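This report refers to the structure that appears directly beneath it.
The values are calculated or read from the model by the stated rules, or taken from the named source; none is laboratory data. Keep in mind it's a predicted model, so treat the numbers as computed, not measured. Note: ideal-geometry Cβ built from the backbone for every residue, glycine included; neighbour counts use all protein chains shown.
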Amino acid sequence: MKKDIYLSFILLLSIAFLSSCTSSVGSTQNTNRQSTYDRVINSGKIRCGYVIYPPGCIKDPNTGKLSGIGVESIELISNKLGLKVEWTEELGWGTMLEGLETGRYDMIATPVWTNANRAKKIVFSNPLFYSPVFVFARKGDDRFKNHWEKINTPKVTISTVDGGTVEVIAQADFPLATKISMPEMTDIAHQLLNVATGKADITFAESTIANGYMRSNPGTVESINPEKPIRVFASSWMFSRGEYEFKAMLDTVLDEIINSGSMDKIIDKYEKAPHEIYRLARPYRLNI
């Protein structure tokens, strides 16, 4: 009996010792995990994932060369920091966060809209610029001009994309309207096409996308209130949660290129019409 008690006691001590060792190893591994900031500084390069989405990121179909506001901005910032940019991986909207979580790249260099759903999963940089979103109807359809409340009825159809920002706006502002929703990866231009062809009465789109569509398809759709966006979104880079040293470094130099006017020059290259892109206001006042 005493022998059994003694053996049980030894077994419990062994289990406790192994648990302590496992915990210690796990703690050491967590402590030794290299931060994105340390890895970037040590390697001298920033690994960027990107989504093709003008004007933030544009890919030349012939050469594969990348350009755009987000591309030129991160390359300028990297140069100021004495670092290089490695364009690691082209991504889709549905898969872009996975690579951040697994460490395949250090950031997503295409500026994306900040929102609550993304904020739960990742960290945003300071805004590079702001993107206005407007209400679009068929050309000459003035039913809703200065009367957005008339959209909120089952008789009005809104063209949306599953899980997209347009769907979020439609549900929040016009819950009674009928929605025609397309799959997640559908080109945003199809929302405008649905309106142009009469499949829907209304959709929402940012100026850069809508203006490009209207230049290619004149006389089809128009903004019903071009002076009044229904939403304005900050467009920012994305990092993994917890990588605040890396974020702080890039934000500091981002402020520098904004305050120096370099960001305005980059935006000027890609803005095709006035006020397509909203620039950041200066965070100071001159008393003259």
- Query: Out of the residues in the stretch 182-195 that are crowded, with 20+ Cβ neighbours inside 10 Å and more than 20 Å from the chain's Cα centre (by Cα), which is farthest from Arg231 (Cα to Cα)?
  - Reply: Asn194
- Failed condition for Asn194, given (1) assigned to a strand (DSSP E or B); (2) touching a Ser or Thr at 6+ places or on another chain (Cβ under 8 Å); (3) touching a residue at least 24 places away in the same chain (Cβ under 8 Å): (1)
- For the stretch 122-136, does any single residue satisfy the condition of being closer than 20 Å to Ser35 by Cα, touching a residue at least 24 places away in the same chain (Cβ under 8 Å) and out of contact with any Ser or Thr (no Cβ under 8 Å at 6 or more places or on another chain)? no
- Message: Quick check on Ala119: is it surrounded by fewer than 14 Cβ atoms within 10 Å (Cβ to Cβ) and within 12 Å of the chain's Cα centre (by Cα)?
- Response: yes
- Note on the structure: Only one of (1) surrounded by 10 or more Cβ atoms within 10 Å (Cβ to Cβ); (2) of a type in the set (D, E, K, R); (3) modelled with pLDDT under 95 does not apply to Asp4, and that is (1)
- Candidate set: the stretch 73-99, residues that are more than 29 Å from Asn259 (Cβ to Cβ) and among the acidic types (Asp, Glu); chosen: the one modelled with the lowest pLDDT: Glu98
- Counted residues, the stretch 245-288 - those being within 30 Å of Met214 (Cβ to Cβ) and of a type in the set (Val, Ile, Thr): 4
- Note on the structure: Taking the stretch 162-181 and keeping only residues that are of a type in the set (S, T, N, Q) and surrounded by fewer than 16 Cβ atoms within 10 Å (Cβ to Cβ), one is left with Gln171, Thr178
- Query: Can you spot a residue in the stretch 213-220 that is buried (at least 16 other Cβ atoms within 10 Å of the Cβ) and in contact with a Phe, Trp or Tyr (Cβ under 7 Å, 6 or more places away or on another chain)?
  - Reply: no
- Note on the structure: Residue pairs qualifying under the 6 Å Cβ cut-off, at least six apart or on distinct chains, with the first in the stretch 206-232 being farther than 21 Å from Arg143 by Cβ and the second being in a loop (DSSP other than H, G, I, E, B) and hydrophobic (A, V, I, L, M, F, W, C), are Ile209/Ile188; Asn211/Ala273
- Quick count over the stretch 221-256, residues being surrounded by 14 or more Cβ atoms within 10 Å (Cβ to Cβ) and assigned to a strand (DSSP E or B), is 12
- Message: Six or more apart or on different chains, Cβ atoms under 9 Å: show the pairs whose first residue is in the stretch 35-60 and at positive phi and whose second is surrounded by fewer than 20 Cβ atoms within 10 Å (Cβ to Cβ).
- Response: Gly44/Gly82; Gly44/Leu83; Gly44/Lys84
